[in-house]
Each structure stands twice: as C-alpha cells, then as structure tokens.
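Single-structure report; data block below.
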Amino acid sequence: MATPEPIFDKPLPTTGPFRSLRGTYVRESVVKSLLVLCASLSIFTTLAIVVVLFIEAAQFFRAGKVTCPQCAQVTFSSDEIAGQEIPCRHCGQALKMPAHVSLWGFLTGTEWNPLIGKEQDKRFGVWALISGTLMVSLVAMAFALPLGLITAIYLSEYAHPRTRMILKPSLEVLAGIPTVVFGFFALTVITPALQLPALRWLLGEFNTYNALSAGIAVGILCLPIVSSLVEDALQAVPRSLREGAYGLGATKFDVSIKVVVPAALSGIISAFLLAVSRTVGETMIVALAAGSRPHLTLDPRDDTQTMTGWMVQMALGDVSNFDVAYLSMYAVAAVLFIMTLALTYVGNVVRWRFREVYQ
Amino acid sequence: MSALMPADQRQHPLLEIARRTRVRDRRWTDAAFRWFCIATALCSVLILAVLLASIFVQGYGRLSWHFLQHYPEPDPRWAGIGPALWGTVWVCCVCGLFALPIGVATAVFLEEFPPQRWWTRRLHNFIQLNISNLAGVPSVVYGILGLTLFVSMAHLAGTPQQPFWEIGVRYYDQFWSLGDRAVLVPVSDPQAPPTLAHAGLHAQNFDGQRIDVTVVKSRRDAPQAPDQLQYTLIEGRPAGRISKSSWYHMRIPLGRSVLAAALTLMLVILPIVIIASQEALRSVPSSLREAGLGIGATPWQVVRTVTLPAAIPGMMTGSILAMSRAIGEAAPILIMAGAVFISTSPGSLVDEVTVMPLQIYDWASRPQVEFHQLAATGILVLLAVLLVFNSLAVFIRQRTQKPLS
Amino acid sequence: MSAMSTVEIKHLPSIVSLPQHRDLDQEGSTNKTALRLADFNAWYGAYQALHNVHLLIPEKQVTSLIGPSGCGKSTLLRWMNRMNDIVPGARAMGQLQLLDVDVLAKSTDVVALRRRIGIVFQKPNPFPKSIYDNVAFGPRLHFKIKPADLDQLVEWSLRKAALWDEVKNRLHESALSLSGGQQQRLCIARAIAVGPDVLLMDEPCSALDPGSTARIEDLIFELKEQYTIVIVTHNMQQAARCSNRTAFFFEGRLIEEGSTKQVFTTPREKKTEDYVTGKFG
C-alpha cells in the first residue's frame, strides 16, 4: 500500500484575483427592480378596480341627461320630468327626458326595473338585487356552515385515517369542480328534486328558477371551503389543550365542543366570513338557477335576481354600451366589491386580532 | 365565601356536595355525536357521488369524437365543443404564461427580499394585505375590469372594430366572379367604403397571385371561354370586406379576444399563485438560505440556485390548482366576451374566443332537454381535462420531490 | 400557604444530601397500595418503551419516577390514566391496577378513570377561558352542580393550589394572562377540582423559573396529605426534596425502587448510583 502524499507540504494552488463583483451587483439590482415591478402589479390591479368601478358608476349617476341635437347644450333629467318632453332652455328644441338615477334612490330603493316600461317608470333601487344576493347567501350558509363545521370537527378530532382517506379527497374534488357545473346541477337535479310531488305538501310549489336550489348549490360549493378553513383552525389548537381536557376525564365530545371549538373560535368565524364573501360574489350558479326577476322577497321558492345575476344579464344582453341600464352594471359591481372587500377584511382582522396566543 | 370555608379545610368539598348532585352520564352524548359527525361528513361524499352520477347519466350518450371536434351548431344533434375546447387551451396557456412568472416573482420578492427600512416594510405589508384582499374579490368584478381595461381599453384609443393600432392582418375586398371564383382586391384603409368593380382593378386570387380581371357591363357581355369567365366581374357591383390574419395578428384595443380573456383570468388567479408560491418558499428551511448567504452569494443567487429549485414542487401544486381554477372559470369571460356564437378555433391572440365553461353555460341556459344533455357532455369533457391536468401535477410533483434537509 | 412565597434554592452538591427540614423517614410501608403494576409492558408501534415493570405505588405519598430521557418514565405515567389512548400506535400489556379498578381493561370507563386519576403536564396548558371557568371545567363536565356549590369548589381548589390570594380579584380574566408558574398552579387546581385520588405530574416544573418551581414543590408536599402523587422528574434535587419514594428507570426497565432516602444515599444498583451522582443522564 502506497503511503498517501502529504498534502500539507504543497503550497496552496494559486488563485487569480477575485472576479469583479460589479456585474453581480448590477444584475442584483436589475432583478430586484423586476421583482418590485411584478409585486406592484397587485397594487395596480386594486387601483384599476377602484378607478374603473367608481368612474363608470359615476357615469351611471350622471346618465340622466340629454344633449340637445341643435345647440349641444346638456339638460339634466330629474324624477319629476323623466319621460316628458321638455323644451331646451337655449333653443327651445323639444327633448325627451330619460330616466333619472340619484345616488340616494339607488342606495335606498327597493325596486329594480331599468329595462321595461316608460322612462318615468324605470326604477334603480339596488336593495331588490341585494335582497336576492342575501337570500341566496343565507340559504347557502344555512347549508354549508353546519355541514362544514361538523365535517371539520369530524376530520380534525374523530376521523380514522381510513375514513379520512375517503373524505378528504372527495372534499378536494368537490372544491375543484367548476362553478358552472354546480349551476347545471342546481338546474337539472336540485330543482326537480324540490319539485317532487312527495315534497309538495311540505314545501309547496316551486318556480323552475328559485333561490333555494341556487342557494343549496352555492352551499355545496362553499362546503369544502368552510370545512378546510375550519379544519385548519381546529388543527392550530395546541395538542396540550386537548390533553389537558382528556386528563380531566373529558370525552371526545367534551374536548371537541367545549375546548377545541371555543379555542379556535376566531379562526372559525373568519372562515365563515370568508365563505359568506365567496357566496356573495358567486355568479354562474345564480345566473343559471336563480332566475332573473329582481324583487324584494323572502320566499326562497320564488325566482329572484342577485347582483351578480344582473351583471351577467347586462353583459349578455344587447343593451347599448352607454345606456343607463348598462352603466348600472358598474354601480352594482361597485356595491358588490365593497361588500366582499368588507367581509374579507373583517374576516382577516378577526383571524389575526382575536386569535389566542399560547405559550 | 371565605367565611363559609376556612382556608385549612382539608376535605374536598365534592365529598359533601356530591350528596346533593348527580353525576352526568356522558357516554351517550359522545356516541351519538360521533355517529352524527360520521353521517354529516359522509353527506359530502354522497353529494359528490350524486353530482358526478347525474352528469354522467345525462351526458354519456352524446360523447363522441364528433362532439370533441365539431363546432356548436344550432342543431343539438350535430353540435360539438371543438372551438370552445381549443379556446380553453389557448386562453389557459396564455394566462399561465403571464400569471405563473409574475406570481412567482411577486412571491420571491415578498419572501426572499425582506424589507430593510421602515417604509419598505410598510410597502411589504401593504402588498401582502392587498393580495389577500384581491384573493377575496369576486371573479365577476375582474370580468368588469377586463371589459373596461382590455376589451375596450377604456375607450381611450380606437375601438375593437376600428383599432387604434393593428399589425398582422390584411383586408381585402372580395368579389364573386361570374365563373364562381373569389377575386380579392387588397385594401389599405379598412375604414374606407367597399370598392365597386371597375376596370383596372389590382386583383389577386385567393393564393395571392396577380390576376387580370375582365369587367363587363352586364352578364350578356361576358366572354364564353371558361378560363376568362372565372375572372370576369360585372361593373358597379359592390364587394364584401374580408380580412386574412396571420398568427401574429395584434391590435389595440384587444377586443373580445384570446389575449383579453387570458389577461383577465391572469388577474383572477394571480393572488392564488402568489399565496401558494409564498407558502412553498416558506417551507424551504432557512438553513439552506443561510448556507448560501454564508458563502457570499447575493440574495438573488441564493434564490436562483437554492431556494427556487427547492420550492418548485410546492409551487407546481399551487400553480396547478390556480390553473384548474382558470380552466373552470366562466364568470369573468362571460362578462367580458358575452356568449357569442363562434364556429372556429382561434388562430391568433386577438381572435374572438369562447371557452368550455362558457359554452356549457350557453347550453345549460336553454330550456330544451337536448341542450341540457349537450351541457352535461361538455361538463364531462371539462372534468376530464381538469382530471388530466391535475394528475399531471401529481406526477410532476412526485418526480421532483426530494428531501430538503 | 401564601406565607412561603419565596424559597431560596440552595446550591446542592453533585451528591445530593437530603434536606433536613422535612420528614421523609416514613417508609410508607404502612400505607395501602394505590397503584399496582405487574409485568407491565408498553409499545409505540414496534418500539417497546417499557419492559416488565413491577411497581407498587403507596397511597397518600409522593412517588417520583426518575431516569434519563427516553427511559420510559413519562410513558408509564401516561398509561396510568390512559392518556396514551389518544396516541396512535401506543399499546400496553400487563397488570395496572388502581385500588379496585383494572386500568388497562377494555371495559374500563376511561372517563371515570381519569376523574379518579388527574394529570398535570410538563407545560402549563390552561384553556383559553377565564380562570374561574378553567377550574370549573372538570366539575361542570362530571356533575350537575349548583352555581353556589361551584363557587365554593373553585375557591377551595384555588386555595389548595396556593393560587387563591393571587387571583381572587380577577377570577373572570383570561387564564392566559397569568404567569407561567401561576398557570401551572391553575392546572393543578383544575386537576384537583374534580376530586381525584391520584395526581400524576409529568415534569411539572421543567418549564418554570426557580421561584415558581419552589412554590410548586411546596404545594406537592402539602397535597400529599390527601392525594397519592406520582411525579416524573429530570431534576434529582426535586425528587430528593419532595418525594417519599423513588423509582429509577433506565432504557425501559425499572432498575431500582425504594424510599427516596435509600435510593439516593445507599443505592443498591451501580446504574442508580451513577445516575444520582450525575455520572450520566
């Protein structure tokens, strides 16, 4: 066996001077500015949403006016003169006054009728649409919250790994199904099921389009969201709390309901709020299954129209691009945006502000 | 209270209280709640089964190659989903090309370049808050944004019909000759009124070859020879305006096009991509980063060589989820493009487009049962595409997964 | 009890000399047996954590389980009230008897068992509720109890745990606002509020500062008049200070068991001597 060469006798291999770092620094700053550019896109998106919605909504509130074809002077309409022929103040040309929209009437009105009838009969009261949205959301939450909460408790506290293997993937598949599929499901399965003669004595007559079936479909859509968010919240409760309760002789029911759920309450409430915000913005299901008659009602068997449903109707319809009804889409979108933003914001605040801090 | 009970009381008060109280038997509650939970949890499995079964039953009968290739004819017996399928492929590919790099870059910026000064810290927090809020914005609102920002570009410059700037398209006036052949006359200004047939037209045939045109006063004056007749026009007849676009056709504003749809969907899925990528980056142990920084690498070098490769599998999963969302998303494209009848697959970025969820909506919203069956078949195709896509993701993830530490 | 708020921790030599101020001479042989273990084995999956443990734990005395990390002492403690039921893959065989109850039997009602054998964990784990609700949690679970009785019980438990004077004016504040030592005493109060016979303590002081440790040790010494206490500890001084009997575990086996004085001063086994003199562990 040859003795290994003593490496310490050799001089260190000579290295040249270090590579200049200037190129590296330049590259570093170029890359960083590119990254900043990408990151700032999110701010630009928010800005764009706000600017577009509010500028176009402002157009909507200023749409009740006529430009005189003779002298190009603008005459504004009002509730009293809508639908009448008014002579132009400058040249006397007869002008037909269009419907008038006021911000106050929009935010407090309960009638929504921008398309049909005479100009003076057109109404823009957003509560007719908000009530539709609220009813669909209410049905959806009444369906998704209990089911999602119990499913999450089961997954987090009870489930045997084998049942988990079935349950978790099916929830994931449910979460991955496109919303238009749920809309189709509501229309072709849920509504006929609700109209079954066996249920008629209990539920009464259902319209082909109704808020209940749309709400149930939205609830199915929200079920995986609620259950996975709530499960995350329950999992975040430290094991030591569970052990403490078990050590006192608590049953699994006691541990889940009296210790884990209260400890995870902030996370659960935040999950609920996020789910509500999701239902409020849900579009395809209500466009397919809820109908298109905006009116203030509390009967879930009736057809109704939500804010998103109205937006779809406007986008599909052949209303001219500068018509009052078309511009109302932007005002409704602005209301929708503010509602969901508030819900998301409150949800995040609840989660971060009110969570328990453990040692 | 303390007067009742001296501090040195040694006896546990329960011994005495227990005489007055009953012990709760909670075993029943526990068992009942367990079964209640199981029943409730299995509801979701049941719902999924009913959903898939009902769609399969309704849609299976119409599934065929013809359905995949054909365009959505008004007659439900022959209608297909071809243009929508290709539209989905186009839109989602373009959307991914934009959303994934931008999303990953944003996540890298937020996670790997920690803020140094107070105002950059503010900026970081603001962007972070902003992204979580954007994730909660309904997709219809993005549709409205896309409609204003991309389709018409806020009416600032031109309209989709009369674009402000356009490249990769040529307009022609098309005459129909007496010999049943198309005669094309190139047009320089697409807004000009259609030309009328007159002598001395610079005409060409459909293959672009220069041809000599004979113009006659009336059909009676037409030449008899068939090779002359095929390029004979009657004077004064108006032409039809057609356009031939190449694959690089581009214009401003974008109109109801592939690019506008893709950019709108990009806005929808960007928050999802960013949040998923951030989580993937956070799961890379910081010891790896420190090792890189410790040998004198710059932050970007560490990201490029250490963090990003380690985070790729996690990012893949999130990106696939986001792309699945894009494939299934209908609302923003519906707001943006409306449900228009489109019979051809897109050939360039500014061609009009429809996507599968939109086509399904179109069929589902009609009252006839035949169209509902078409919608169900379309859903089967859509779900199959999603399934293929997701299994691809699982496959890639398993191939690239390796221990990090 | 509040009088002994601060106890100085004296520097102890590496060979522990027993503190003289407490009477630990009673051997406990006159007491009845509270817990009887015979041929007890425990596993986590395929790994056997305990081998053939034979141990008698006398009533109304403090028994400490000592030994290096991973020797199985915590496992043994957690089997005594079947806390390991919720650990996946954990199982045990052999005899483990509490007075008249077979602890390991399938038919044993775990809930009733844990009412009789309370446990205090290494890290204080109060529920995110008020101080009052924490103590009242157990009694409310087990009994249909009148509010007035509950008040009395909560006060008694908090006094017993030497916490009453510190919290009597803020019973309805969150338990998480207490200091670590107070939280641990709250956990002890919570455990004794359900009226157990046996109190298990799994390194109750390892997450606490020296002052809090001393208070808990005093408390343990007080409580032994009413409860059988089994305490797992890494700290030999603690075992020497507050226990009557000591059992030394090593690699899943019970090496030596006897009165604390005997185990610490005249150990029979070489391993025990090495451990208590700090040669390893």
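Odds and ends about this structure:
- Dipole moment magnitude, nearest 20 debye, chain B about Cα centre, only Lys, Arg, Asp, Glu C-beta charged: 1520 debye
- Point-charge dipole on Cβ atoms (K/R +1, D/E -1) for region A:18-131, about Cα centre, debye to 20: 780 debye
- In the protein assembly as shown, helical runs assigned H by DSSP with n ≥ 4 each contribute -39500 (n - 2.57); averaged across all residues and rounded to the nearest 500, the mean residue ellipticity at 222 nm is -15500 deg cm²/dmol.
- In the A-C interface, the accessible area buried, summed over both sides, Å² (probe 1.4 Å): 1900 Å²
- Cα shape, chain C, gyration tensor, a/c 1.5 rule: oblate
- Between the residues C:219, C:51, C:181, the greatest Cα displacement towards the positive end of the dipole of chain C, with unit charges on the Cβ of Lys, Arg, Asp and Glu, is found for C:51.
- Taking the C-alpha atoms of the protein assembly as shown, convex hull volume expressed per residue in Å³: 320 Å³
- Between 0 and 90 degrees, the angle of helix A:324-353 with respect to the longest Cα principal axis of chain A falls at about 30 degrees.
- Within chain B, the percentage of alpha carbon pairs spaced more than 29 angstrom apart rounds to 65%.
- Protection-proxy order for peptides B:56-62, A:66-72, B:350-356, each taking the mean of Cβ atoms within 10 Å per residue, highest first: B:350-356, B:56-62, A:66-72
- Of the DSSP H helices in chain B, those whose Cα atoms cover at least 20 Å axially and whose Kyte score averages -0.5 or more: B:27-59, B:82-112, B:118-134, B:258-282, B:308-328, B:369-400
- Among C:112, C:161, C:92, residue whose mean-square fluctuation peaks in a GNM of chain C (springs only between Cα atoms under 10 Å): C:112
- When C and B come together, around 2200 square angstrom of accessible surface is lost from both chains combined, probe 1.4 Å.
- Here is the size of region B:166-251 from its Cα atoms: Rg then Dmax, 13.7, 45 Å.
- Under the Karplus curve 6.51 cos²θ - 1.76 cosθ + 1.60, θ = phi - 60°, whole-Hz ³J(HN,Hα) for region C:165-180, x wherever Gly or Pro sits: 5, 7, 10, 4, 8, 9, 4, 9, 8, 5, 5, 6, 7, 7, 6, x
- Positive dipole terminus of chain B, leading residue within B:242, B:396, B:153 (C-beta point charges): B:396
- Using alpha-carbon coordinates, inclination of helix A:265-281 to the longest axis of chain A, degrees: 40 degrees
- Considering only B:347, B:87, B:168, the mean-square fluctuation computed in a Gaussian network model of chain B, springs between alpha carbons under 10 angstrom, is largest for B:168.
- Exposed-site-free run, longest, chain A (rule: chymotrypsin sites (Phe, Trp or Tyr not before Pro); DSSP loop; at most 10 other C-beta within 10 Å): A:19-321
- Assigned charges on the beta-carbon of Lys, Arg, Asp, Glu; the protein assembly as shown dipole about Cα centre (debye): 1360 debye
- Most mobile listed residue (A:196, A:34, A:336) in chain A, GNM with C-alpha springs under 10 Å: A:34
- Within chain B, DSSP assigns beta bridges of which about 90% are antiparallel (rounded to the nearest 5).
- Over region B:332-405, the hull volume per residue, using the convex hull of the C-alpha atoms, is 153 Å³.
- Degrees between helix A:127-153 axis and first principal axis of chain A (Cα, 0 to 90, nearest 10): 30 degrees
- At least 50 Å² of accessible area lost relative to the chain alone, listed for region A:246-281 with a 1.4 Å probe: A:246, A:247, A:248, A:249, A:251, A:253, A:258
- Normalised by the number of residues in chain B, the average gap of Cα pairs under 8 Å and 6 or more apart makes the relative contact order 24 percent.
- DSSP-defined beta bridges in region C:33-276 - what % are antiparallel, rounded to 5: 60 percent
- In terms of packing, defined here as the mean over residues of other Cβ atoms within 10 angstrom, the peptides B:378-387, A:277-286 line up highest first as A:277-286, B:378-387.
- For region B:242-251, 3J(HN,Hα) per residue [Karplus equation, 6.51 cos²θ - 1.76 cosθ + 1.60, θ = phi - 60°, Hz, x = Gly/Pro]: 10, 9, 10, 10, 8, 5, 9, 4, 8, 8
- Antiparallel content of DSSP bridges confined to the protein assembly as shown, in %, to 5: 75 percent
- Per-residue average of Cβ from other chains inside 10 Å of B:232-243: 0
- Across region A:127-353, Cα pairs under 8 Å and at least six residues apart give a relative contact order of 31 percent.
- In the context of the full set of protein chains, region A:127-353 has a per residue accessible area of 35 Å² (1.4 Å probe).
- Accessible surface of the protein assembly as shown, 1.4 Å probe, proportion on carbon and sulfur as whole %: 60 percent
- Average beta carbon contacts from partner chains per residue of C:109-115, 10 Å cutoff: 5
- Relative to one another, the C-alpha centroids of region C:108-145 and region B:25-59 are positioned 32 Å apart.
- Accessible area buried by the pairing of B and A, both sides summed with a 1.4 Å probe, works out to roughly 6500 Å².
- Shielding by other protein chains, A:140-147, mean Cβ within 10 Å: 1
- Per residue value of the accessible surface for region C:33-276 (all protein chains in place, 1.4 Å probe), Å²: 33 Å²
- What the pair-distance distribution of chain A shows, using all Cα-Cα distances binned every 20 Å from zero, is 22, 40, 24, 10, 4, 1 percent.
- Dipole of region A:127-353 [Lys/Arg +1, Asp/Glu -1 at C-beta], most positive-end residue of A:286, A:227, A:141: A:227
The values are calculated or read from the model by the stated rules, or taken from the named source; none is laboratory data. Keep in mind that what you see is a predicted model, and the values were worked out from it rather than measured. Note that we place each Cβ from the backbone using ideal geometry, even for glycine, and neighbour counts take in every protein chain shown. These accessible areas exclude ligands, DNA and RNA; they are computed on the full protein's heavy atoms, side chains included. Shrake-Rupley method; radii C 1.70, N 1.55, O 1.52, S 1.80 Å.
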